[in-house]
Each structure stands twice: as C-alpha cells, then as structure tokens.
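Data block below; observations after.
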Amino acid sequence: MPFSLRLESYLAVARISFRNIRQYTTDFLTHFAFFPVQIIAMSLVYWIVYQQAWILNGMTVIGGFTFPELISYLFIAIIIARALPRWQLSIEVERDIDLGPLVSYLAKPIDYASFKFFSEIPRVLIYLLFGILTYLVTLLFIPLPLPSLLNVLLFIPFFVIAYFISFLLVFTVALSTFWVYRGWWLRNLISLLMLMVGGGLIPLSFFPPTLQFVFGLLPFQYCYYIPAIILQGFYLPEQLLPIALLSLIWLVVLWLLARFVWSLGRRKYEGPGG
Amino acid sequence: MSYKDIIRQLRLLPEYIRISFLQIAENKIQLFGAFFTTSINLVLYILFWGVITYQIPVLTGFGWVTWGQGELTFLIGMTEVAWGFGAFAWMGIWQIHWYITEIGIETFQIRPAGSIYQILATSLWAGGLIQVVVGGIMLSLSVLTFGLIVTPFSIILGVSALLIGQAALYLLWSCLCCLAFWIGKNEGILTISDALEYNFARMPIDIMPIGVQYFLLFVFPVIFISTVPTMIILNLIPLNFTLLYIGIASLLVIIWLIFLRIIWSRGLKHYQPVGG
C-alpha cells in the first residue's frame, strides 16, 4: 500500500477515535477533574514543606524550584502525565490479545501498533488542550509563571518524543499479555515508575545526587520531567541538543524492543474460535 | 430485609471467600504480581517521603501531630493495608455501574439475596490480601526501625476505625455508582472519587488546612484510609479523639447505607433491562 494511502487510513483511525470520545462527552470531560484534585493535594503538601523550610532554614528554593515554580512544574507534569498514554492503552491492548479482537486486526491491511498509535492521538490532544485551558484559568487566580513563546516552541518536539517514548513503553509492557495472563501488575508497575521516576509527582532535582544520576540513565524522565522543565525555561536552547540526542536514542531502543516483542508474541499467539 | 435474611446471606460469605481464593490459586502469577507491585509501590512512596524529609526533617501543619520519617513510613504501610483490604472486600463497587449499564442486574434480581451484596461478594478478590500482608510487614518494619510505640489496644481501635471508615467511604462510592441508573456510563464521576482517594490517602491529612480536613472527614471520608488509623495506632491522638473519629465513621456508615437503599430501590424502578 502506498505511504499516502496508509497515512490516510491511519488518520481516519484518529478521526474515528475522536468521534468515539465525542460519543461520551460528559463522561470524558469529568475525567479532567483529576487535574485539580491531584494538583490541590500535591500543592497542599508542598506548601507545608516550603513553609517549614522557610521557618526552619530560611529556604525559599528547594531542588532549584521556588514554590510558584514548583506548582507550575506540578501543573505541567500532571497535564503531560494525564495526556500521554498510560492505563487506557494498556488495558485496550491487553483486552485485544486476551479476548481475541487482535485476530481481526491481523486480518486487516494495517499495522496494529500504528493503529493504536494513531487512535491515541485525539485523546492526547484533547487532554493537552484542556490542560492548557485549566492552566490559563488558574493564572487568573494564582500568579504562576507563564512560559515564553520560545519555550513553548522548544517544548513541542520534546512532547512529541515523550508521546513516542511513553507509547512504546506502555505498548511493549501491554504485549506481555501474550505470555502473562492478566498482567495488570506489570501495567501498574510501569505506570508507577513513569510517575515517580519520570518526575510526575516530584521533580527529579529534589532527589539526592546519586538517585538523580541513576534516574537520569532511564527513559522515564523524557516522558514528564524533561518536557516540563523545558517548558518552564530551566534549560538554555543550546543545552537541549544532548538531551534530544539521548531521548532519540531511547526512542530507537524502545522501538526496536517493541518490534522484537511484537514479533515474538505474534508467533506465539493463537486466536481460536470464529 | 429481615434479621433472618441477613443471617442467611452472611452464611454465604465463607463460600464466596472460598471461591475467591480458588480463583486466585488458579493463576498464581497474579499473586506474585500483587506482591511485586505492592512492594515496588511501597519502595517508591518511601522514596517520595524520603525526598521530602531529606529537605525538611518533620512535617507539621494545621493539626497537632508531627510527622517524621517513621510516622510517614507507617502511613504508607497503612495505606497499602487499607487498599489491600479494599481490593479484597470492596472491589465490586467498581462493577456496579458496569452491571447496570452493560451486563444487566436481572440475574442478581431473581436470586434470593441482595443484588449489591451479590455484586460485592462475587467480586471478592483474595489477591488484595497479599497487599495487606506486604503493608503489614511494612508497618512492623517501620515500628521496629523507627522505634514507634504501639499497643494491642491502639491496634484494635485503629483497625476498627479503618474498617468502619472504609465502609463509609465505599458506601458513598456505591451511591455514586448507582447514579448509572439515571445517567448511564459514569466513569468520570468515579474518576473524581478515585482521584480524591488516590491523591489524599497517601498524605498525612492532619497537616492540611482545617477546611480540607473537614471535607475529607465528613464529605469524602478518605481520612479514615490511612491518616486516622495511623494516628490512633501510633497513639498520636488522645483516646477521646479516637472515639470521636470512630463515632463519626459509624454515623457516616449508617447515613450512606440508608442513602444506598433509597437510591437502589428508586433506581430499580427506573431500570429497563434490554435483550434476552
């Protein structure tokens, strides 16, 4: 199939996915309530931490963040964490393999991974859009730092890389269903690691130096931490090249791993019935 | 429902529990999975509070309790114990709206037992007890490592507060699930409840502003998941406050139980089974 035709069919997948979301608009919108709840819970704890750090040591900066910067970071990291693929994709892949719909995908002239990749895009974009709107509304009440246009432009490619990396991580783990019946615990594990080691709950600069070094070697930080601090302008543009290179290396490694696991799994897969 | 009905239904419970254990024994890798995930979860959250206490040694806020690394580690273990028990006993509440909107509740209706009771009992998940065990080990380790003081009496009171408070929280949650009779698929509302529980249960709610504390005590009683049991078991609050907390939890259970009965019976009148 020519590339343009293939692309067209995958874009159609994205369109259908968007329509599916619209079918249950109210239900989908209530999911956004997760943003404020998580941000309020985390902010309250950090507020106490900053207050006490000020009272005890006169500190206003912890891990390189002032309190408003940290709240802004949490906001951005939580928006990214909610937008990027995690639970939903993993559950869908697990269900497709476990219950049999994978057979119908295999019979079609499409690539299963690409199908899932494109069907996730509308959800990601809508979450991102609502996340940005929530941030802008919050700015009316709380004076949080506003990212510059340059930082927004620098953020976009890193967010795309984050989407690829998180998709590949979640997809590869979900493929374990080929071997492990009901591997929800693997799904939980990867989700937890992404959240904690990827900077979804706490900036990596808060950790002791040794742990920062170890976590810096892993791919998780490219999902939430790196895009969030780029948007906040913590990096100069010239510092971004090595980070981009490393993240691209991880992307390629994870892509190869996903292809390998997929080919192994397909060989093992049996779809009986009809 | 008469007294005899309740006794008859409770007699079924050991059988449901036995089935749940048989199901989990069928797939042992899930037991390993539960153990593995819980352990990693604990390590990561110890790390989280470790990073916080690396910046400041103790947390004090609007309550009277001082939360050091020991108390916070205990709190994390307590959360796992609570969630493990919740996964064991209350997993079914997630299924209520699903049964109403997709599967149908007719099969439960024609049996001589309460429908919600059946939904909860058939969804018992013995794997949650692994989480309870791992959480329990964590609690013991935190007591031994940090020299925390616990007594058998405080443990009994703390566990009572946990079980009653958890019942209050999940009965409220069941009421929300029953809204599916009128509004159909309502995972979003459950996401809000989930967000509240997931994000606040691991926090020492006692340090938060009074308004937030009241909200998480009376409106959405997440405070009973870990904060209150931790404070009671570690003897961090006086006995009269302990009894007050248990009293409030009991009152909430009664209120939400009454609400659940009303919502369910009204919902049934609204319910239309389709297909065959």
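The values are calculated or read from the model by the stated rules, or taken from the named source; none is laboratory data. Predicted model only: the values in this text are computed from it and were never measured. Neighbour counts are summed over all protein chains in view; Cβ atoms, including those assigned to glycine, are modelled from backbone coordinates with ideal geometry. SASA here: full protein model, heavy atoms, side chains in, ligands and nucleic acids out. Shrake-Rupley method; radii C 1.70, N 1.55, O 1.52, S 1.80 Å.
Observations on the structure shown:
- Residue in the range A:124-136 that is within 22 Å of the chain's Cα centre (by Cα), among the polar types (S, T, N, Q) and open to solvent by less than 30 Å² (accessible area, probe 1.4 Å) present: no
- Residue list for the range A:99-123, restricted to those being assigned to a helix (DSSP H, G or I), open to solvent by 60 Å² or more (accessible area, probe 1.4 Å) and either touching a Gly at 6+ places or on another chain (Cβ under 7 Å) or in contact (Cβ under 8 Å) with a residue 24 or more places away in the chain (or both): A:VAL103, A:LEU106
- Here is the figure for the range A:206-242: residues that are within 14 Å of another protein chain (Cβ to nearest Cβ) and in a helix (DSSP H, G or I) total 9.
- Single residue of B:ILE96, B:ILE137 found to be in a helix (DSSP H, G or I) and surrounded by fewer than 19 Cβ atoms within 10 Å (Cβ to Cβ): B:ILE137
- Test: residue in the range A:234-247 that is at pLDDT 85 or above and within 27 Å of B:TYR45 (Cα to Cα): yes
- Filter result (in contact (Cβ under 8 Å) with a residue 40 or more places away in the chain and in a helix (DSSP H, G or I)) within the range A:40-73: A:MET42, A:PRO68, A:GLU69, A:LEU70, A:ILE71, A:SER72, A:TYR73
- Residue list for the range B:221-276, restricted to those being open to solvent by less than 30 Å² (accessible area, probe 1.4 Å) and not in a helix (DSSP H, G or I): B:PRO221, B:ILE225, B:SER226, B:LEU234, B:ILE237
- Whichever residue in the range B:53-70 is at pLDDT 85 or above and in a helix (DSSP H, G or I) and, among such residues, is nearest to the other protein chains (Cβ to nearest Cβ): B:GLN69
- Considering residues of the range A:13-45 that are at pLDDT 70 or above and more than 23 Å from the chain's Cα centre (by Cα) only, the residue most open to solvent (accessible area, probe 1.4 Å): A:LEU44
- Total residues in the range A:201-243 satisfying the condition of being open to solvent by 70 Å² or more (accessible area, probe 1.4 Å) and either among the small types (Gly, Ala, Ser) or touching a residue at least 60 places away in the same chain (Cβ under 8 Å) (or both): the figure is 1.
- Residues of the range B:206-220 satisfying the condition of being open to solvent by 30 Å² or more (accessible area, probe 1.4 Å) and hydrophobic (A, V, I, L, M, F, W, C): B:ILE210, B:VAL212, B:PHE215, B:PHE218, B:VAL219
- Number of positions in the range B:65-85 that are over 18 Å from B:PHE224 (Cβ atoms) and surrounded by fewer than 24 Cβ atoms within 10 Å (Cβ to Cβ): 4
- Qualifying residue in the range B:226-247 (condition: more than 12 Å from chain A (Cβ to nearest Cβ) and of a type in the set (Gly, Ala, Ser)): yes
- Here the range A:51-90 is the region considered, the condition is being open to solvent by 50 Å² or more (accessible area, probe 1.4 Å) and away from chain B (no Cβ under 12 Å), and the residue that is nearest to A:LYS116 (Cα to Cα) is A:GLU69.
- Checked against the criterion of being under 14 Å from the mean Cα position of the chain (by Cα), over 28 Å from A:ASN188 (Cβ atoms) and of a type in the set (S, T, N, Q), the candidates B:SER250, B:SER160, B:SER193, B:SER226 yield just one match: B:SER160.
Okay, residues lined up against (1) touching a Pro at 6+ places or on another chain (Cβ under 7 Å); (2) part of a helix (DSSP H, G or I); (3) more than 11 Å from chain A (Cβ to nearest Cβ); (4) among the small types (Gly, Ala, Ser):
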| position | (1), (2), (3), (4) |
| --- | --- |
| B:LEU12 | no, yes, yes, no |
| B:SER20 | no, yes, yes, yes |
| B:LEU31 | no, yes, no, no |
| B:PHE35 | no, yes, no, no |
| B:LEU47 | no, yes, no, no |
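- Members of the range B:180-203 that are among the basic types (Lys, Arg) and more than 13 Å from B:GLN95 (Cα to Cα): B:ARG202
- Within the range A:137-169, the residues that satisfy the criterion of being under 26 Å from A:GLN88 (Cβ atoms), modelled with pLDDT of 90 or more and either open to solvent by less than 50 Å² (accessible area, probe 1.4 Å) or not in a helix (DSSP H, G or I) (or both) are A:PHE155, A:PHE158, A:PHE159, A:ILE161, A:ALA162, A:TYR163, A:ILE165, A:SER166, A:PHE167, A:LEU168, A:LEU169.
- Subset of the range B:159-205 (residues that are more than 19 Å from B:LEU217 (Cβ to Cβ), outside any helix (DSSP H, G or I) and either open to solvent by less than 10 Å² (accessible area, probe 1.4 Å) or among the β-branched types (Val, Ile, Thr) (or both)): B:ASN186
- Search result, residues across the range B:230-263 that are touching a helix residue (DSSP H, G or I) at 6+ places or on another chain (Cβ under 6 Å) and among the aromatic types (Phe, Trp, Tyr): B:TYR245, B:TRP256, B:PHE259
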